[in-house]
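The values are calculated or read from the model by the stated rules, or taken from the named source; none is laboratory data. No experiment lies behind these values; they were computed from the predicted model shown. Because the Cβ atoms are built from the backbone with ideal geometry, glycine has one as well, and the counts that use them run over all protein chains shown. Heads up: the accessible areas ignore ligands, DNA and RNA and are worked out on the full protein's heavy atoms, side chains in. Shrake-Rupley method; radii C 1.70, N 1.55, O 1.52, S 1.80 Å.
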Amino acid sequence: MSILKISMACWMVANESATRMKIALARAHGVPTVTGGGPFEIAVAQGEPTAYLDLCADVGVTRIECGQGFTESHLNPREIVAAAKSRGLDVQMELGKKHDGGFNRQTLSAWIDQGQEWLDAGAVQLVVEARESARGVGLFDQDGHLNAAYADRFVYAFGFDTVVFEAPNKPSQFALLNHFGRSVHLCNVRLEEVLRVEIYRRGLHSDAFGHTNLRPSPPDSLAT
């Protein structure tokens with residue numbers, strides 16, 4: 001687990017001591033934390049980005065997620081990243097709309113351009129939107145099928161270390177792993193599904209073993 005997302009606005013309405021304890025426990029185990037992008041969008045739309053950044057820094061998260069998934073705010077990446085860094089916060093940017101359907105050629109290119117703008121401003125990672133369903137959004141059509149060619153465009157532009165794919169359910173997780181193999185970085189994986197995803201990534205699942213990019217190497221190869 002590379003990072004723990006304190007998702008949506010749950011951490012803002014939960015008992016404050018529970019939120020702080022969750023973040024502190026993650027830190028104690030060496031796991032960074034990141035907020036979901038929704039509260040950031042609402043804070044910007046309400047004219048309160050500074051207060052939001054202050055709150056994130058105060059509760060002790062490592063990173064914030066920015067986005068324009070359901071708002072049309074005009075964001076200045078350099079100003080936002082600088083403001084976050086001044087408070088000890090890293091920034092990741094989410095790419096994609098929540099309500100506009102899957103990517104097409106025009107929107108895909110626009111989001112890739114925007115991702116590069118955020119990286120140039122100092123963002124550390126980019127997240128490809130898939131919501132909770134991975135259906136009719138981002139890289140997934142209405143039936144939940146992955147557009148592998150579009151996924152390749154993100155990896156070609158940014159590389160596996162920088163681009164992260166939301167994979168909120170079993171079909172999306174397996175589709176991305178089948179296509180990319182072990183190197184792909186998945187996020188929005190529920191805690192109770194982490195071990196299943198890791199088993200699949202290592203080729204120790206019956207459906208994964210048939211994929212040469214996931215199947216474990218034979219012992220002789222390992223020894224050599």
Residue count for the stretch 77-111, restricted to those that are open to solvent by 70 Å² or more (accessible area, probe 1.4 Å) and polar (S, T, N, Q): 3
Any idea how many residues of the stretch 6-24 are in contact with a strand residue (DSSP E or B) (Cβ under 6 Å, 6 or more places away or on another chain) and modelled with pLDDT of 95 or more? 1
So, in the stretch 58-76, exactly how many residues are open to solvent by 30 Å² or more (accessible area, probe 1.4 Å), over 20 Å from the mean Cα position of the chain (by Cα) and farther than 24 Å from Ala110 by Cβ? 1
For the stretch 183-224, which positions are among the aliphatic types (A, V, I, L, M), more than 24 Å from Val127 (Cα to Cα) and in a loop (DSSP other than H, G, I, E, B)? Leu204
List pairs: first in the stretch 171-191 and closer than 14 Å to Thr212 by Cα, second assigned to a loop (DSSP other than H, G, I, E, B) and open to solvent by 50 Å² or more (accessible area, probe 1.4 Å), Cβ under 7 Å, 6+ apart or cross-chain? Asn178/His211; Gly181/Asn213; Ser183/Phe160
Residue satisfying condition, being open to solvent by less than 40 Å² (accessible area, probe 1.4 Å) and more than 19 Å from Gly38 (Cβ to Cβ), within set Ala134, Ala123, Ala148, Ala157: Ala148
Give the residues of the stretch 198-222 that are surrounded by 13 or more Cβ atoms within 10 Å (Cβ to Cβ) and over 25 Å from the mean Cα position of the chain (by Cα), sorted by residue number. Phe209, Arg215
Could you go through the stretch 45-55 and let me know if any residue there is more than 18 Å from Val127 (Cα to Cα), in contact (Cβ under 8 Å) with a residue 12 or more places away in the chain and open to solvent by less than 40 Å² (accessible area, probe 1.4 Å). yes
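How many residues are among the β-branched types (Val, Ile, Thr) and part of a helix (DSSP H, G or I) if we restrict to the stretch 1-24? Reasoning before the result, please.
Taking the stretch 1-24 as the starting set, the residues that turn out to be among the β-branched types (Val, Ile, Thr) are 3, 6, 13, 19, 23.
Among the residues that remain, those that are also part of a helix (DSSP H, G or I) are: 13, 19, 23.
Counting residues in the stretch 1-24 that are among the β-branched types (Val, Ile, Thr) and part of a helix (DSSP H, G or I) gives 3.
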